Amino acid sequence: MSQLEERAQACVHCGHTFSIQVAKSLNAVRSPVARSAAMDGTLHHFGCPQCDTVHRVETTFGYMDVDRKHWVAVFPPTHLADWSTLEQTAHTSFWTVTDRAPMMWNFQATELTVRCVFGLDDLREKLRIWDAGLDDVLVELWKLELGGRDRRLRFVEATGDDAIFETGTDGSRIAAPLVRHHLLTKLRGPLRQQHPRLFDGPFVDCRRLATPG
């Protein structure tokens, strides 16, 4: 089941303090509304009852979707510099829970894709990539080819023959032929040998190749 935590939120606009509920863990199978909110960008958005100012709250929580075989540890984007430590935290947490779980879960756990991301936007992007049937590791390498070291690219959708990416600098969009992803899929073995850090850890993000850790 999903677990929620109540906390006080102070409005940055009017100063009014109100109560909100944020996730400690989200089960997408049992709470499909939560998955929809993550996909449409409204998860952890709260309106101030005094002035209607919308607050986006970034926090640490776990996201699990057994049907789609995903387990994601979500950390606030301000923690990105600690990705190396938090990646290990995510890995350890997942297997600690698994070791204590019933045998049936142990079998399911071995089939799950385990990831850690930094922020709601990163979670949303992962879900979009997987929904499009793409390999998130290869998408991150693809971003590097498209200039991802110099500008933050986010996958938006696959449409027709193209994958659409949005730049984090000005929000403009670029289209890249999906045939490139097909080629990268054929080269996955050699690419794994070339970039083992990207393939073997939960933090599957092109920024790890440019960030010490």
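Pairs, please: C-beta under 8 Å, at least 6 apart or cross-chain, first residue at pLDDT below 95 and in the range 159-187, second among the polar types (S, T, N, Q) and surrounded by 12 or more Cβ atoms within 10 Å (Cβ to Cβ)?
ARG173/THR167; ILE174/THR167
In the range 60-74, how many are polar (S, T, N, Q) and within 16 Å of ILE129 (Cα to Cα)?
Matching residues across the range 60-74 total 0.
So ASP52 ticks every box in (1) at pLDDT below 95; (2) over 14 Å from the mean Cα position of the chain (by Cα) but one. Which box is left unticked?
Answer for ASP52: the failing condition is (1).
Out of the range 156-198, which residues are outside any strand (DSSP E or B), within 22 Å of the chain's Cα centre (by Cα) and among the basic types (Lys, Arg)?
Once the filter is applied, which keeps residues that are outside any strand (DSSP E or B), within 22 Å of the chain's Cα centre (by Cα) and among the basic types (Lys, Arg), the range 156-198 yields ARG188, ARG192, ARG197.
Determine which member of the set LEU141, LEU127, LEU134 is buried (at least 18 other Cβ atoms within 10 Å of the Cβ) and in a loop (DSSP other than H, G, I, E, B).
Details: LEU141 fails: in a loop (DSSP other than H, G, I, E, B); LEU127 fails: in a loop (DSSP other than H, G, I, E, B).
Only one candidate qualifies: LEU134.
Tell me which residues, restricted to the range 112-121, are more than 19 Å from GLN88 (Cα to Cα) and either assigned to a strand (DSSP E or B) or among the charged types (D, E, K, R) (or both). Please lay out each step first, then the result.
Looking only at the range 112-121, we keep the residues that are more than 19 Å from GLN88 (Cα to Cα), and these are 120-121.
Listed by number, the list holds a single entry, ASP121.
Hey, among HIS13, HIS44, HIS91, which residue is in contact with a strand residue (DSSP E or B) (Cβ under 8 Å, 6 or more places away or on another chain), in the same structural domain as GLU125 (by TED's automatic domain parsing), more than 13 Å from LEU120 (Cβ to Cβ) and not charged (D, E, K, R)? Give the derivation first.
Values: HIS13 fails: in contact with a strand residue (DSSP E or B) (Cβ under 8 Å, 6 or more places away or on another chain); HIS44 fails: more than 13 Å from LEU120 (Cβ to Cβ).
Going through HIS13, HIS44, HIS91 in turn, just one is in contact with a strand residue (DSSP E or B) (Cβ under 8 Å, 6 or more places away or on another chain), in the same structural domain as GLU125 (by TED's automatic domain parsing), more than 13 Å from LEU120 (Cβ to Cβ) and not charged (D, E, K, R): HIS91.
Out of the strands (runs of 3 or more DSSP E) lying entirely within the range 1-85, which hold 2 or more residues that are closer than 25 Å to ASP205 by Cα and either touching an Asp or Glu at 6+ places or on another chain (Cβ under 8 Å) or not basic (Lys, Arg) (or both)?
Details: elements: 3-10, 17-27, 45-47, 54-56, 61-65, 70-75.
By residue number, 17-27, 61-65, 70-75.
The values are calculated or read from the model by the stated rules, or taken from the named source; none is laboratory data. Just so it is clear, the model here is predicted, and its values are computed rather than measured. Counting neighbours? That spans all protein chains shown, and the Cβs are built from the backbone with ideal geometry, glycine included.
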